Amino acid sequence: MGIRSIYHHFLPDTPRSTFRRSYNIILALWQVTQSDLIWRFHPKAVISRSRLRAYRDKHKGHRCFIIGNGPSLNKTDLSLLKHEVTFGLNRIYLLFDEIGFATTYHVTVNKLVIEQSLEELSNLSIPSLIAWDARDLIEFRRNTIFLQSVIRDGPRFFKNITKGIWEGATVTYVAMQIAYYMGFEKVILVGVDHNFTTKGKPHTTVISEGDDPNHFSPHYFGKDFRWQLPDLETSELAYRIADYQFRKLGREIVDATIGGKLEIFPKVDYESLF
């Protein structure tokens, strides 16, 4: 007997509009519960949480760089980061051959990006933190760690990422939560331009008609690539939450992006960091 049938069996005289609202609530609660149960007991989830725990405070007191994918990377001497701890996001691997090294970690949570980049993602040998929703798309290897995105309860910052992450409309915010969990004292942003030439309603899925003007490479979201328009307002809210959580413990996030438009974090000169 389905939820709808059960409801009518016990409350046969319930008005249809009330039933529909109640049914939708029950269905939503069941979906959340089901998702939580799967994340709690699925073998891939259990292993992922175990792998995450091995990274807790691993880099305590150190600094790291979160590398965005903006055009400003073409003005940034990334060779300076070769011996730094770095987080690469989404399709940053397109730069690896050019700069001569891979980032320390790789993070991607957008399912559209994952679906269209499976071959490249599968070839990564660095620790790859990837959306739990993609668990059936990509091979679960020794370097794979799944992350559970949580959308309920509104904006939040997960200090313990074994319980989940909030995406904040940008993978950069996910990387900040990971960096916090790993214990980094200082997080430095580069290539986080926070500026898109392509405009439109946030989260709308569009198909690229040619070269990509919004990222470091024209091939990043090249012709026929499906992607979602940015939600800069939600991203800024997420960044403010991250800034607060880091500063509360005497830690910090600073922005070394060359010419970036983000105004949330203190600005620092990139080359002065070395």
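The values are calculated or read from the model by the stated rules, or taken from the named source; none is laboratory data. Computed from a predicted model, the values in this text were never measured in an experiment. For neighbour counting, all protein chains shown are included, and Cβ atoms are generated from backbone atoms with ideal geometry for every residue, glycine included.
Leu112 versus (1) in a loop (DSSP other than H, G, I, E, B); (2) hydrophobic (A, V, I, L, M, F, W, C); (3) surrounded by fewer than 19 Cβ atoms within 10 Å (Cβ to Cβ): which is the lone unmet condition?
Answer for Leu112: the failing condition is (1).
Looking only at region 51-92, filter to residues that are under 20 Å from Arg142 (Cα atoms) and out of contact with any strand residue (DSSP E or B) (no Cβ under 9 Å at 6 or more places or on another chain); which one of those is surrounded by the fewest Cβ atoms within 10 Å (Cβ to Cβ)?
Ranking the candidates gives Ala54 first.
Here's the yes/no breakdown for (1) surrounded by 17 or more Cβ atoms within 10 Å (Cβ to Cβ); (2) assigned by TED's automatic domain parsing to the domain that holds Thr172; (3) touching a strand residue (DSSP E or B) at 6+ places or on another chain (Cβ under 8 Å):
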| residue | (1), (2), (3) |
| --- | --- |
| Phe221 | yes, yes, yes |
| Pro230 | yes, yes, no |
| Thr234 | yes, yes, no |
| Ala238 | yes, yes, no |
| Ala242 | yes, yes, yes |
| Ile253 | yes, yes, yes |
| Ala256 | yes, yes, yes |
| Gly259 | no, yes, no |
| Pro266 | no, yes, yes |
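Can we say Leu80 is touching a Phe, Trp or Tyr at 6+ places or on another chain (Cβ under 7 Å), part of a helix (DSSP H, G or I), at pLDDT 95 or above and more than 24 Å from Tyr180 (Cα to Cα)?
For Leu80, the condition - touching a Phe, Trp or Tyr at 6+ places or on another chain (Cβ under 7 Å), part of a helix (DSSP H, G or I), at pLDDT 95 or above and more than 24 Å from Tyr180 (Cα to Cα) - is not met.
Pick from Gly200, Gly259: which is under 23 Å from Lys75 (Cα atoms) and either more than 16 Å from the chain's Cα centre (by Cα) or in contact (Cβ under 8 Å) with a residue 12 or more places away in the chain (or both)?
Going through Gly200, Gly259 in turn, just one is under 23 Å from Lys75 (Cα atoms) and either more than 16 Å from the chain's Cα centre (by Cα) or in contact (Cβ under 8 Å) with a residue 12 or more places away in the chain (or both): Gly259.
I need the full set of residues from region 36-50 which are surrounded by 12 or more Cβ atoms within 10 Å (Cβ to Cβ) and either among the hydroxyl-bearing types (Ser, Thr, Tyr) or assigned to a loop (DSSP other than H, G, I, E, B) (or both), in order please.
His42, Ser48
Output the residues belonging to region 177-194 that are in a strand (DSSP E or B) and farther than 22 Å from Asp57 by Cβ.
Matches in region 177-194: Val190 only.
Search region 201-219 for residues being farther than 24 Å from Ile66 by Cα and touching a Pro at 6+ places or on another chain (Cβ under 9 Å), and hand back the single one that is surrounded by the most Cβ atoms within 10 Å (Cβ to Cβ).
Asp211
I need the full set of residues from region 195-230 which are within 30 Å of Gln245 (Cβ to Cβ) and not in a loop (DSSP other than H, G, I, E, B), in order please.
The answer is Trp227, Gln228.
Which members of region 147-176 meet the condition of being part of a helix (DSSP H, G or I) and over 14 Å from Ala131 (Cα atoms)?
Of everything in region 147-176, just one residue is part of a helix (DSSP H, G or I) and over 14 Å from Ala131 (Cα atoms), namely Met176.
What are the pairs with Cβ atoms under 8 angstrom where one residue, in region 162-178, is over 11 Å from Ala242 (Cα atoms) and the other, located anywhere, is assigned to a helix (DSSP H, G or I) and basic (Lys, Arg)? Sequence gap at least six, or different chains.
Matching pairs, first to second residue: Thr162/Arg49; Thr162/Arg53.
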